[in-house]
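Below is one structure; the comments refer to it alone.
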Amino acid sequence: MCGIVGYIGRNDTKEVLLNGLEKLEYRGYDSAGIATLSNHGVDVFKVKGRIAALREKVAEDDTFSNMGIGHTRWATHGAPSVENAHPHQSASGRFTIVHNGVIENYQDIRKQYLADVNLASETDTEVIVQLVEVLYGELNDVSAAFRKAIELLKGSYAVGLIDAEDQETIYVAKNRSPLLVGLGDGFNVVASDSMATLKVTDRYLELEDKEIVIVNRDYVEVQKLNGKVVDRDPFTVELDAMDMEKGTYPHFMLKEIEEQPLVIRKIIQEYQDENDEIKLDENIRRAMGEVDRIYIIAAGTSYHAGLVGKQFLEKLANVPTEVHIASEFSYNMPLLSEKPLFVFISQSGETADSRSVLVKIKELGHPALTITNVPGSTLSREANYTLHLHAGPEIAVASTKAYTAQIAVLAILAVDTAKAKGLTFDFNPLQELGIVANAMESITDLQEEIEQMSKDYFAETRNAFYIGRGMDYFVAQEASLKLKEISYIQAEGFAGGELKHGTIALIEEGTPVIALATQENVNLSIRGNVQEVAARGANTCIISLKGLEQEGDAMVLPKVHELLTPLVSVVPMQLLAYYAALHRDCDVDKPRNLAKSVTVE
Ligand code: M6R
C-alpha cells in the first residue's frame, strides 16, 4: 500500500527518493511522485503508473536539491491519476505533503475549514495540506499549524510535510500507519519501511501513534501532540540490502519459493537449543500454559496458515483454538473464553485489519502474541510477545515463504506447549521440519514438469478449482488464492465432500480441478470426489503423497509427517500459480489492485 520516503541532507535528494520508492514498489501502488525543495522553490514530479516513468520525468530536470519527500499511492479516495497522486500542495504552493492512510473526517474538515478553498484533487490527503495553510494563516507559525492540523485529523495517517520557505525541516506525524525516521551522519530520512532507505542507514527511530517529529539535517526531535519532547533510542535494522535484490531470478516470487527450504532450516536453527530441544521465550511458554482458548487473527495467506495452526494447537497441545478473519472479527467479536490468548499471524506485521483487533483486545486487557516476519512492526511492538518467522524480506505481493514459515513456527509453538503440559507423542517438529526442507528442495527441482502442468491445466481456462479434505482443504484454499491473485484466473478451494452440495454445478467440459491427496484417512474419499467431477467433464489432476499414490497421479510428493504435509503440498501449488501468471504475461510480483502491506482497513 502507499509508501513514503523523505530525505534531508547535503547530497542530491532525487536519487535517494527514487531509489527508496523503488524499494517500496513491492507494497503495491498505482501512481507515484516526489517533491524537492531548492533555492528556487518546490518542484513536484508525478506520474500515473510505474516509478520507471517517474524516473524519466525527474531526469528532465537538473535542479540540485538536498531535501524532499516521495510517495507511492494505492488509490483509496479518487481514481489513480496524476491529479490524485502525491505530493499534494496547498493553494498557494507553500506547503507540500505526502500521506499514507485514510482521513475519516476529511469531509467535515473540508466543510468547517476549507469552504473557500478550491481543491485540486479528489483525495482526503489534500485536505490536510490545505488545512495546514489555513491554520498557518491564523497562527503564523508553521510548527503550530502542523500540530493543530494533526490534532484535528481522525483516522490513520503517516505524513511528511515540507514548507517552501524552510530548507531545514521535514514535518512528520503518524497515527495507525507505519512510519520510521532513519538516522544518518549529516542527513536524516523518513520511510514507511526501513527497506526503502536501508542503502543509506540501518539506524531507525520507531514512532508511536500521535507523535510529531521535526526532522532536520543534523537532528531529529520526537514530540507528543502536547509538545512534550520524547527521548527514544534508535534500533538497528539487521537486514542485508542484498536480501532485497532478486539477483539472477526473473521474479521475487520464484526466488522466494525456492528459498523455502533455507527458511525452514533457519527456523530449525533459531528455535533449537544446544540439547536439540525447542528454544522458546519463557514468557511465551508461560502465557501458552495459562490459556483456555486461543483466538488466531489474520488475513489472506496468513489466515490460511492459521487454519493449519489450529490443527496443531488442538491435536498436539489440546488447546481449543478459533481462527478468525481479522476484518470480520473487528465488528463481530464472538463470546470470549475466560482466559483467551490472541495470536496474530502477519507477514508484514502492519495489516490494519489485524491491528484494529489488537487495539480492541488490548483495551479489554487480553494478552497477544504476534507471529511475524518483521519484528519491529506495529503488530509486534504492540503485542505482549513476538515469535519471529526468520524468512527474510518477502517482496513479491503473493506470499509464499512467509506462509510456510508461519506453519513451521506454529508447529513448534504447539509442540512446545504440549510438552510444557506434560503431553507426550512421537512427533519431533525440529527433526520433521528437516525432512520437510529436503522434500521442498526436491519439489522445486521439478519446475519443468510443474510449468508443463500449468500449461496443461491453466493455459486457456477462465476458472479453476482446488479440492482437498482435512489439511488438504486448507492448502486448497491457499492454492486458489495464489492462482487468482497473480494470474487473475477465477479460482476457489473447496472441501472435497462439499462439491456435491452446490459447486459441482459449475463443472463443465475441461474445467480444471486440482486435487490434493496427502491425508491417509481421506485418501479414498478425495479420489471419489475426483471421479465425480471427472464424470462431468472436469480436467482433473491429483497430487498425492508418497505411500498414498495411485496410478495416474500427476505428481507424487516426498513423504513427510502427515501433520506437516501443507508445507510440501503448497510448493507445487505456488509454482503452478507462478507459471500460470507468467504465461499469461501478468505482472507476477506486483499483481493489479493489490498491495503487499495492507495498511488501510
Ligand atoms: O502481512 P500479512 O500477512 O498480515 O498480510 C495478510 C494478507 O494481506 C496477505 O497474506 C495477502 O493475502 C497475500 N497477498 C497473499 O498472497
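When only DSSP loop residues count, what GluC sites (Glu not before Pro) in the stretch 13-106 have their Cβ near at most 10 other Cβ atoms within 10 Å? Taking the stretch 13-106 and a limit of 10 other Cβ atoms within 10 Å, the loop GluC sites (Glu not before Pro) found are GLU60. Cβ-to-Cβ counts within 10 Å put CYS541, CYS2 in ascending order as CYS541, CYS2, the fewest first.
For SER65, the residues whose modelled amide H falls within less than 5 Å of its own, excluding neighbours fewer than 5 places apart on the same chain, are THR13, LYS14. Counting only DSSP beta bridges whose two residues both lie in the stretch 246-444, roughly 5 percent are antiparallel. In a simple Cβ point-charge model (Lys, Arg +1; Asp, Glu -1; nothing else charged), the chain has a dipole of about 920 debye relative to its Cα centre. Taken along its principal axes, the alpha carbon cloud of the stretch 130-172 reaches lengths of 29, 22, 14 Å, longest axis first. Residues of the stretch 524-560 with an amide N closer than 12 Å to a point placed 7 Å from the Cα of SER442 along the Cα-to-Cβ direction: 545-547, 556-560.
Amide H to amide H, with H built 1.01 Å from N, ASP30 comes under 5 Å of ARG73, TRP74, ALA75, counting only residues 5 or more places away or on other chains. In terms of other Cβ atoms within 10 Å, VAL513, VAL102 run from fewest to most in the order VAL102, VAL513.
Taking R0 as 22 Å, what's the FRET efficiency between LEU139 and ASN118 from their Cβ-Cβ distance, rounded to 0.05? After rounding, the FRET efficiency stands at 0.50.
For the pair VAL359 and ALA459, a Förster radius of 45 Å applied to the C-beta separation gives a FRET efficiency near 0.45, rounded to the nearest 0.05. For the chain, the 222 nm mean residue ellipticity estimated from helices alone, with every DSSP H stretch of n ≥ 4 adding -39500 (n - 2.57) and the total spread over all residues, rounds to -11000 deg cm²/dmol.
Applying 1/(1 + (r/R0)^6) with r as the Cβ-Cβ distance of ASN521 and ALA420 and R0 = 22 angstrom yields a FRET efficiency of 0.20. Compared with the alpha-carbon gap, the fully stretched path from LEU225 to ARG203 is longer by 5.5 nm at 0.36 nm per residue. For a straight C-alpha distance cut-off of 17 angstrom, the aspartates and glutamates reachable from LYS57 (same-chain residues fewer than eight places away being disregarded) are ASP12, GLU15, GLU22, ASP30, ASP43, GLU83. Across the options SER569, PRO591, VAL556, the greatest Cα extent toward the positive end of the charge dipole of the stretch 547-601 (unit charges at beta carbon of Lys, Arg, Asp, Glu) belongs to PRO591. The three principal axes of the C-alpha atoms in the chain carry coordinate ranges of 78, 53, 43 Å, sorted with the longest axis first.
Ordered by the number of other Cβ atoms lying within 10 Å of each residue's own Cβ, fewest first, LYS174, LYS255 fall into the sequence LYS255, LYS174.
Between GLU211 and LYS174, the built amide H atoms are under 5 Å apart, and every one of these is 5 or more places off in sequence or on another chain. Applying a DSSP loop filter and a limit of 14 other Cβ atoms within 10 Å to the trypsin sites (Lys or Arg not before Pro) in the stretch 422-519 leaves ARG462. Taking a straight line from the alpha carbon of LYS228, these lysines sit under 24 Å away, with near neighbours fewer than eight places off in the same chain left out: LYS148, LYS154, LYS174, LYS210. Pairwise alpha-carbon distances in the stretch 246-444 exceed 21 Å for 49% of all pairs. Which shape class applies to the stretch 3-242: rounded if a/c is under 1.5, otherwise prolate when a/b exceeds b/c and oblate if not, where a ≥ b ≥ c are the square roots of the Cα gyration tensor eigenvalues? It is rounded, given that a/c, with a ≥ b ≥ c, falls under 1.5. Below 8 Å between Cα atoms, with a sequence gap of 6+, how large is the relative contact order for the chain in percent? Once normalised by length, the contact order is 12 percent. Lys-Lys pairs in the stretch 446-601 that are eight or more residues apart or on separate chains and whose Cα atoms lie under 30 Å of each other come to 19.
The charge dipole of the stretch 246-444, taken about its Cα centre with unit charges on the Cβ of Lys, Arg, Asp and Glu (plus for the first two, minus for the last two), comes to roughly 280 debye.
A straight Cα-to-Cα reach below 24 Å connects LYS279 with the lysines LYS266, LYS310, LYS315, LYS401, LYS419, LYS421, residues fewer than 8 places away in its own chain not being considered.
Since every read-out is calculated from the coordinates, none of them should be taken as a lab result. Computed from a predicted structure; not experimentally measured. Don't worry about glycine lacking a Cβ; one is built from the backbone with ideal geometry, like all the others, and counts go over all protein chains shown.
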